[in-house]
Every structure is written in structure tokens, then in C-alpha cells.
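To start, the structure under review is shown below, and the notes come after it.
The values are calculated or read from the model by the stated rules, or taken from the named source; none is laboratory data. Keep in mind that what you see is a predicted model, and the values were worked out from it rather than measured. Every residue, glycine among them, receives a Cβ derived from its backbone with ideal geometry; neighbour counts consider all protein chains shown.
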Amino acid sequence: MNQTQSVASGPAGGKPATLPRGFAAIIEEISHLAESKELEYPMANENFDADIIVIGAGPGGYVGAIRAAQLGAKVICVEKEYLGGTCLNWGCIPSKAMIASVERLHQVKHADALAVKVTGEVSLDFEKFSARRDKIVTTLRGGVGALFKKNGIRHVEGFAKFVDKHTIEVEKDGKKETLRAMNFLLAMGSSVIKLNIPGLEGGRDEGVWTSDDAVTAPRIPKSMLVLGGGAVGVEFSYVFNGAGTEVHLCEMMPSLIPLMDADLGTELGKCLGRQGIKIYTGATLEKVEKVKEGWKCFIKKGTENVEQIVEVVLLGVGRKANIEGMNLEQIGVKLHKRGVELADDSLKTHVPNIYAIGDVTGRIQLAHVASAEAILAVTNIVRGESKLFDYKAVPNCVYTNPEVSSVGMTESEARTKGYDVTVGKFMFRPLGKAMAIAEQDGFVKIIAEKKYGEVLGVHMIGAHVTDMIAAGVTALKLEATLDVMCDTIHAHPTMSEAILEAYEDAAGHAIHK
């Protein structure tokens with residue numbers, strides 16, 4: 001109903017309805033109100049330095065800052081260290097540069113599989129290997145700075161601490177600056193923690209590495225125990241094994257990458273095992289002892305006890321939200337054991353003008369999730385909306401060789417939730433493209449609801465699957481069914497044909513199986 005229309009009107013063409021005494025005056029006032037209009041976002045005034053202050057410049061923070069500026073807000077981004085955060089400086093990017101070099105080394109060493117003859121010594125130049133990695137990082141870091149300048153975003157270096165819900169104090173090298181904003185976006189990310197392993201003391205110089213140490217490794221050690229078989233653990237196991245390190249990988253769950261479908265972890269374990277990595281699943285590192293060669297590790301696997309001496313112990317598990325010393329609870333932001341507590345999926349905290357995204361919330365610790373959350377959060381702030389984030393179609397990738405990728409429910413999860421499921425699976429081995437490029441390991445697995453055929457999960461292990469998973473994300477996002485996906489033409493010859501064959505297998509009519 002239009003607000004300018006008299007509420008006291010009776011039925012069309014009839015007489016005005018009789019109102020209780022006193023209501024008429026109220027209705028008269030309401031009737032003169034203008035129609036509601038979407039207001040332009042009020043820019044910062046003399047009481048505020050910015051509309052939005054983003055704390056943290058990782059893949060969540062810097063993306064949120066840029067989108068907010070694109071929407072017309074005045075933005076300040078505070079970062080205590082480097083633009084790009086963990087992902088760019090110590091995580092996703094440098095580790096993928098390392099993986100690429102090791103993968104190329106592997107390809108050259110096995111070039112004879114494609115009838116290419118390589119003579120002479122083939123080895124890794126560690127100095128150039130490290131320099132290439134570092135150049136990629138600094139180039140991308142500079143790119144973030146350039147984007148800030150292009151979008152008129154002020155970058156403030158230092159550690160931010162809240163004074164009240166609209167005010168922070170930023171300190172760097174003993175100098176302090178007070179900044180005020182209408183709204184804040186918390187994007188501080190997370191950092192590695194060291195597990196309490198009996199006997200394990202010291203840092204990088206003593207051969208106790210975190211993932212941060214591994215990604216800036218000062219050398220290729222002769223031997224290493226990697227603790228944790230998740231994405232971080234298996235990726236570094238692949239890198240150092242490929243570079244010449246004797247690698248032992250310890251994971252407490254029954255299979256590697258335990259957050260993904262069990263079939264993926266089992267297949268990855270077989271592939272990494274064939275590459276020479278010694279894998280202990282269902283195992284724990286009970287204690288270590290310092291010895292001349294490095295560390296003597298005591299591994300318990302079921303009833304079996306294994307003793308192994310290694311030069312380096314790499315801790316590939318454990319991260320904590322960066323929330324300490326910021327006075328968050330004092331201004332009303334609620335915390336839980338994993339980080340900042342959100343009021344709902346609009347990404348608002350319990351302080352209405354403060355939002356939080358990414359690792360700091362303790363939800364999904366993935367760079368692309370942080371970026372997507374940031375865009376939603378700042379859009380909600382600028383437009384005054386309360387849209388909720390959709391976590392249904394979040395891709396997860398592991399960059400070993402073979403690669404692993406996944407989106408949606410695992411088979412176990414779907415069955416636990418009560419779905420009557422149909423499962424389709426197709427190996428890469430019989431594909432013409434897989435044979436042509438000598439990349440035949442792995443498979444595609446589809447989970448779908450049986451009655452209507454809705455796709456619930458897409459899981460892959462093999463060459464280039466971290467690039468191909470986007471097709472699975474789209475299928476889940478659009479709530480596609482097996483009928484639709486089976487009717488979707490996939491180019492031949494490609495690796496993606498395995499996706500079509502897996503859909504057809506789930507529907508009961510795979511052509512090449």
C-alpha cells in the first residue's frame with residue numbers, strides 16, 4: 001500500500017470508515033509522510049574519519065575495502081604487517097609457487113613417459129626456487145597497494161585496538177593514531193599455533209617448523225616428519241618429498257584430508273605413497289626426544305609403536321584467530337573458543353556496526369570464502385541490507401599432485417543427514433586426454449539425491465581438478481539435477497569428460513563404464 005494513500009478510506013466507492021477518537025489525528029500525520037526512498041549512503045562527516053574501517057588486509061580485508069570503496073564509502077584499511085595477509089605472504093601463493101617448481105621438476109624427470117629424452121643432471125636450484133617464490137609474493141603485494149590507491153583507500157600500518165564501538169587506536173613503532181568510523185569490518189585472519197608435543201621445544205633454528213617457516217624454508221632438510229594430514233600437511237609433504245627430503249606424514253584420522261570425502265583421502269594416500277612419502281594414518285605423535293641428528297619421534301599407530309629420527313618436525317595443524325589485545329569483548333563483541341561470534345549469517349557481530357569475516361570468525365578458513373564474505377558484509381553495510389551468506393556451494397582445494405577438489409556434501413555427510421543418495425564415479429584412466437598427457441590417476445565422484453536427482457556433492461582427485469571444480473560449484477549453486485547435468489555437453493577430448501561420465505553413472509547410464 002502506498003504510504004500517501006489514506007488509511008481511513010473504506011471499500012472502493014464507499015464511505016470512509018469510522019475510526020476511534022484520537023486515531024484520526026495520527027492517521028492524518030502519517031498520510032502526509034513522503035514515500036520511502038532509498039537513501040544515498042551518508043559519507044563520513046566531521047565526527048568520523050571513514051564510513052568503514054577494515055582491520056586486516058588479507059584476501060577478506062583488502063577485497064572488502066575495495067568493494068566498499070566501489071560502492072561509494074570512504075574507507076580506511078588498517079594492517080599490522082603486509083598487504084595480502086597470510087594467504088599472499090605465507091600461505092596460498094608462496095606454497096603454490098613452491099608446488100609448481102616441484103611439479104615441473106617431476107615432469108622433467110619423468111619426461112620419457114611422453115617420449116622426451118632428457119640428458120644431464122636435473123635438479124632444483126634452491127636459491128632461484130626461493131627467489132622466484134618471493135618475487136611472486138612481492139609483485140602481488142604491490143598490486144594490492146596499487147588497487148588501494150586506484151580506489152582511494154587509505155592504508156594505515158599498525159596494530160588496531162578498540163577504544164569504543166566507533167573508535168580505534170592504531171599503534172606502530174610506539175606512535176599512536178586515533179581513528180573513528182561509522183562501521184568496522186573485522187578481517188584479522190588467523191595465525192599458526194604450536195602444538196604441545198612432549199619434548200618438542202624450540203623454533204625454526206632447532207628444526208621445529210610451522211607452515212610459516214616451511215613456506216620460507218632456509219634449506220631442503222634431509223628428513224622431515226609432517227604432523228597433520230590436512231591440506232597444509234599433504235601439500236608440504238609433496239613439496240619437500242619432491243625436492244629430495246625423506247618425508248614421514250602423521251595423521252590421527254583414518255585417512256588423509258579428513259574433512260573431505262573419505263574416498264579422496266584414500267586415493268591421495270595411495271598416490272603420495274607411490275611417490276615415496278611414508279604415511280601413518282590413525283596415528284599420533286606421542287613425544288619426541290632431541291638427538292644429534294635432530295628429533296627422535298615416537299609415533300603410535302594402533303598397537304604399533306614406531307620410532308623415527310628426522311632433521312625437522314613440521315607442525316601442519318592448528319591455527320588461532322587473531323583477536324588478542326583488541327579490546328573486543330570490552331566493547332560488546334562476543335567471542336567463542338574459535339574467534340569472533342557472529343549474530344547471524346549477515347556477518348554482523350553482536351555490536352550492530354561491527355561485522356566480521358574470514359578466519360577470525362572460526363568458520364571456514366579459506367581465502368575465497370573470506371573474499372566472498374567480505375563483499376556481502378560491506379554491501380550489507382553500505383546498502384543497509386541484511387542479506388545472509390550462502391555456505392552451500394563452497395569449493396575446497398588441495399594442491400598436491402594429483403590435485404584434490406570438492407564442493408558440497410560428502411557421501412557420509414549426505415547419508416547422515418538422511419538423504420537417499422545415488423553415487424556416480426568415473427576414473428580418469430580410460431579418458432583419451434588423460435592418456436595423451438600421461439595424467440591417469442584419480443577420479444570424479446558425484447553425490448546426488450535419488451528421487452529428484454539434485455546434485456549434493458562433487459568430489460575430484462586428479463590433474464587440473466582445482467580448476468575444474470568451478471563446474472561443480474555452479475551445479476550446486478543452481479540446484480542442478482542429474483538430468484540437466486547429463487544433458488550438458490562436455491568437450492572432447494578433455495579431462496572434464498570424467499565429470500559428465502560421473503553424472504551419467506549416478507543416473508545409471510554411464511557410456512564408457
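Does the stretch 294-327 hold any residues that are in a loop (DSSP other than H, G, I, E, B) and either closer than 30 Å to VAL163 by Cα or touching a residue at least 60 places away in the same chain (Cβ under 8 Å) (or both), and which are they? Across the stretch 294-327, the qualifying residues are GLU311, GLY316, VAL317, GLY318, ASN322, ILE323, GLU324, GLY325, MET326, ASN327.
Per the conditions (1) within 20 Å of the chain's Cα centre (by Cα); (2) among the aliphatic types (A, V, I, L, M); (3) modelled with pLDDT of 95 or more; (4) under 30 Å from TRP209 (Cα atoms), the sole criterion not satisfied by LEU88 is (3). What about GLY442, is it farther than 30 Å from ILE375 by Cα, of a type outside the set (Ser, Thr, Tyr) and more than 27 Å from the chain's Cα centre (by Cα)? No. Give the residue that is farthest from LEU200 (Cα to Cα), with candidates limited to residues of the stretch 250-301 that are aromatic (Phe, Trp, Tyr) and surrounded by 19 or more Cβ atoms within 10 Å (Cβ to Cβ). Across the stretch 250-301, the extreme among qualifying residues is TYR280. Per this entry, LEU71 is counted among residues that are in contact (Cβ under 8 Å) with a residue 60 or more places away in the chain, surrounded by 15 or more Cβ atoms within 10 Å (Cβ to Cβ) and either under 27 Å from ALA160 (Cα atoms) or in contact with a His (Cβ under 9 Å, 6 or more places away or on another chain) (or both).
Kindly establish whether ILE437 is among the β-branched types (Val, Ile, Thr) and either over 25 Å from HIS106 (Cα atoms) or buried (at least 24 other Cβ atoms within 10 Å of the Cβ) (or both). It is false that ILE437 is among the β-branched types (Val, Ile, Thr) and either over 25 Å from HIS106 (Cα atoms) or buried (at least 24 other Cβ atoms within 10 Å of the Cβ) (or both). Going through the stretch 336-387 one residue at a time, which ones are of a type in the set (Gly, Ala, Ser), crowded, with 24+ Cβ neighbours inside 10 Å and part of a helix (DSSP H, G or I)? Result: GLY358, ALA370, ALA374, ALA377. Has the stretch 401-411 got any residue that is of a type outside the set (D, E, K, R), closer than 19 Å to GLY508 by Cβ and at pLDDT 95 or above? Within the stretch 401-411, none of the residues are of a type outside the set (D, E, K, R), closer than 19 Å to GLY508 by Cβ and at pLDDT 95 or above.
For the stretch 411-433: of the residues being of a type in the set (Asp, Glu) and surrounded by fewer than 19 Cβ atoms within 10 Å (Cβ to Cβ), which is farthest from TYR503 (Cα to Cα)? Looking at residues that are of a type in the set (Asp, Glu) and surrounded by fewer than 19 Cβ atoms within 10 Å (Cβ to Cβ), I get GLU413.
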